[in-house]
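This report refers to the structure that appears directly beneath it.
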Amino acid sequence: MADDAAPMPSLADPARLRSLQRVCLSAEPDEAFDRFAMLVRRLLDVPVALVSLVDDHRQFFPGQSGLAEPWDTKRETPLTHSFCQHVVIEEQAKVISDARLDPQVRDSLAIPDLGVVAYAGMPLTDTDGRTLGSLCAIDTEPRNWTENELAVLGDLAEACSSELRLRISRDLADEARRRAETAHDQLAMLAELTESLAATMDTDDSLQRLAEAVTPRFADWCLVTLVDETGNARQVAAAHHDPRHAAAVARIAELMADEMRTNAVLLGVLRTGRPLRQDRAAAEDLRGRTRNEAVVDLAVTMGYAAHLTVPITAPVTQRVLGTISLVNGDSRPAFTAADERTAVDIGRRAGLALDNSRLYRRQRHVAEVLQHSLLTELPTIAGVEMHARYLPAQDGAAVGGDWYDAFEQPDGSVMLAVGDVTGHDIEAAATMGQLRNLVRGDAYGRDDDVGTLLAQLDRAVRGLRMPVTATAVLGRLRAHTVAFANAGHPPPLLLRPDGEVEVWWARAEPLLGVVPDSPRTTHERHVPPGSTLLLYTDGLVEHPGDILDHGIELIAKVLRDNAELPAEDLCSRLVEAAGHRADDLAFLLIRVA
């Protein structure tokens, strides 16, 4: 295609181009998509792999592995060099064994300039099915692509499309938030309030954020009260726009915890679920609703000329969870009907946030209980000291599929396993339990090498149609030798008696559940007496914005620096080194006498 030729209609489709813009990608490297390209290159054994997005005049590569210069730096080409444009135009996979013989692409400049001879590209799509680009594998020699290779490439393309869709959804959400923030001041406040409440799952923090968000933009001061099932005040938060009244508003919050049973306004809102507004309020009105003169004095000191109290309502059950009391002094106008509607909306949003907090705590508790119930108790074996840790992520309810296991075989050898099922929810934890049980049931009593056992596990996962993708290390400790097989998992670490650390790197092999009938390699390592072996999941070594190797080096240093510590203390140091956990982690530490 010439540079000045009109673009194909499907390439210039405005809706498709908007989706590309929402992805917020450019020709700059993107870590997530570089990983997809590296995975394609590794699994299909090709010299080049690309995550290629196509607009109306070029293709660009947020993910690439194997490109030669200058394309490695440029990360984009004009359409004169693009096979991927045909995937977009035709909205289907494109498979070419020898581009030099293919009528559609034999004149493409990609052949002489990029060395493209064999090509397999799978569509990358948005949520509406529009094709944005291609996940492609490239060979510099003619190649007949196998059904298995194309199936793997298709699965990875679907995962890559999911990442694109997630970014589009995030951009849509950001755009909606930006529109709200530029609207009327009260609408902007509601948007900020929603964001603030969504940023925490701690109830005390939610209440205080709520009180501070509405002052001074909506009221001079505010009281937020939660009640329990019996109607007693459970938590009270307060805020005043003037820092000089911080002590007074904190004191009235304490006193209001005892006032719920006698304050007619609060009781009325709790009982009816309807707001109550008083445009002209005076100390005498308040004195008639409370038995505590200190409450009256504090309210008058802080300013008490108008008030508005609205319910905090659970979104599904419509149960009144508490109240929001907004109060203005003499210098501020009385509340209007529009203010009342906005305050009611605030109460609904607060109810949603509090309900989410409750559901979060329940879900996390259930997930943690399930996860820990599925993790086995380590056996007691002469000459082998074993310790383990499992810790859920610190962000959200991300209890997931990390696990460890160890059990003794009838012949005295010890099976060791650590793995990570894709996903961070209760379903991932349950799937982890199934996979762990498969490992136990298949391996117990068998003397097969661990590569064979891991391959059989892969066949069982595929044959039983388990919807699972997982990394794992399976090992067998016999005397002072460890045989292990690795399915896409971080390498084991061995702390030798001399204080040095071995990293047991091995050739990368596919994750469980990705490539059917994938052969598995058994590796053997000597374990000198007095050594410590560490098997772990990526939550221990993976840090945002950093490569995995650096995390492994950090953990190796922790092992070296703390080699003399008791095993339990060493486990604690490893957890400390992991820092803030965005992912769950599990590890198995084995000391061999």
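The values are calculated or read from the model by the stated rules, or taken from the named source; none is laboratory data. This is a predicted model, so every value here is computed, not measured. Positions of Cβ are generated from backbone atoms using ideal geometry, with glycine treated the same way; all protein chains shown enter the neighbour counts. Note: accessible area is taken over every heavy atom of the protein model, side chains too, but ligands, DNA and RNA are not part of it. Shrake-Rupley method; radii C 1.70, N 1.55, O 1.52, S 1.80 Å.
Of note:
- Residue check for residue 134: of a type in the set (Gly, Ala, Ser) and more than 19 Å from residue 23 (Cβ to Cβ): no
- The range 332-373 - residue that is open to solvent by 80 Å² or more (accessible area, probe 1.4 Å) and among the basic types (Lys, Arg) and, of those, modelled with the lowest pLDDT: 361
- Qualifying residue in the range 497-510 (condition: farther than 24 Å from residue 560 by Cα and either in contact with a Pro (Cβ under 8 Å, 6 or more places away or on another chain) or without any contact (Cβ under 8 Å) to a residue 40 or more places away in the chain (or both)): yes
- Checked against (1) touching a Leu at 6+ places or on another chain (Cβ under 9 Å); (2) of a type in the set (Gly, Ala, Ser); (3) under 25 Å from residue 21 (Cα atoms); (4) part of a loop (DSSP other than H, G, I, E, B), residue 129 passes all but a single condition, namely (1).
- Only strands (runs of 3 or more DSSP E) whose full extent lies in the range 496-593 are considered here, and the ones with at least 2 residues that are of a type in the set (Val, Ile, Thr) and at pLDDT 95 or above are 501-503, 585-592.
- Index of the failed condition, residue 81 passing every other in (1) more than 22 Å from residue 57 (Cβ to Cβ); (2) in contact (Cβ under 8 Å) with a residue 12 or more places away in the chain; (3) not hydrophobic (A, V, I, L, M, F, W, C): (1)
- Residues (among the small types (Gly, Ala, Ser), out of contact with any Lys or Arg (no Cβ under 6 Å at 6 or more places or on another chain) and in contact (Cβ under 8 Å) with a residue 40 or more places away in the chain) located in the range 445-471: 470
- Restricting attention to the range 534-569 and to residues that are out of contact with any strand residue (DSSP E or B) (no Cβ under 7 Å at 6 or more places or on another chain), open to solvent by less than 70 Å² (accessible area, probe 1.4 Å) and in contact (Cβ under 8 Å) with a residue 40 or more places away in the chain, the residue that is farthest from residue 415 (Cα to Cα) turns out to be 548.
- If you go through the range 474-502 and keep only what is within 15 Å of residue 536 (Cβ to Cβ) and either surrounded by fewer than 17 Cβ atoms within 10 Å (Cβ to Cβ) or touching a Phe, Trp or Tyr at 6+ places or on another chain (Cβ under 6 Å) (or both), you end up with 475, 491, 492.
- If you go through the range 411-469 and keep only what is among the hydrophobic types (A, V, I, L, M, F, W, C), surrounded by fewer than 16 Cβ atoms within 10 Å (Cβ to Cβ) and in contact with a strand residue (DSSP E or B) (Cβ under 8 Å, 6 or more places away or on another chain), you end up with nothing.
- Residue check, residue 133 surrounded by 16 or more Cβ atoms within 10 Å (Cβ to Cβ) and either within 32 Å of the chain's Cα centre (by Cα) or modelled with pLDDT under 95 (or both): yes
- In the set (1) of a type outside the set (Phe, Trp, Tyr); (2) open to solvent by less than 60 Å² (accessible area, probe 1.4 Å); (3) at pLDDT 90 or above; (4) under 30 Å from the mean Cα position of the chain (by Cα), residue 41 fails one condition alone, (2).
- Note on the range 23-38: among residues that are among the small types (Gly, Ala, Ser) and modelled with pLDDT of 90 or more, the one that is most open to solvent (accessible area, probe 1.4 Å) is 32.
- Boolean, residue 531 is among the hydroxyl-bearing types (Ser, Thr, Tyr), touching a residue at least 40 places away in the same chain (Cβ under 8 Å) and touching a helix residue (DSSP H, G or I) at 6+ places or on another chain (Cβ under 9 Å): no
- Residue within the range 297-317 that is within 13 Å of residue 282 (Cα to Cα), among the acidic types (Asp, Glu) and in contact (Cβ under 8 Å) with a residue 24 or more places away in the chain present: no
- Residue check for residue 141: open to solvent by 40 Å² or more (accessible area, probe 1.4 Å) and under 18 Å from residue 48 (Cβ atoms): yes
- Scanning the range 144-157 for residues that are open to solvent by 10 Å² or more (accessible area, probe 1.4 Å) and assigned to a helix (DSSP H, G or I) turns up 147, 148, 149, 150, 151, 154, 155, 156.
- Out of 102, 55, sole residue that is acidic (Asp, Glu) and buried (at least 19 other Cβ atoms within 10 Å of the Cβ): 55
- Taking every residue in the range 426-444 that is over 14 Å from residue 464 (Cβ atoms) and free of Cβ contacts under 8 Å to residues at least 60 places away in the same chain and pairing it with any residue that is open to solvent by less than 60 Å² (accessible area, probe 1.4 Å) and small (Gly, Ala, Ser), at least 6 positions away or on another chain, the pairs with Cβ-Cβ distances below 6 Å are 428/400; 428/401.
- Any hit, the range 261-268, residues being open to solvent by 30 Å² or more (accessible area, probe 1.4 Å), at pLDDT below 70 and outside any helix (DSSP H, G or I): yes
- Residue list for the range 299-320, filter: of a type in the set (A, V, I, L, M, F, W, C), open to solvent by 20 Å² or more (accessible area, probe 1.4 Å) and outside any loop (DSSP other than H, G, I, E, B): 300, 320
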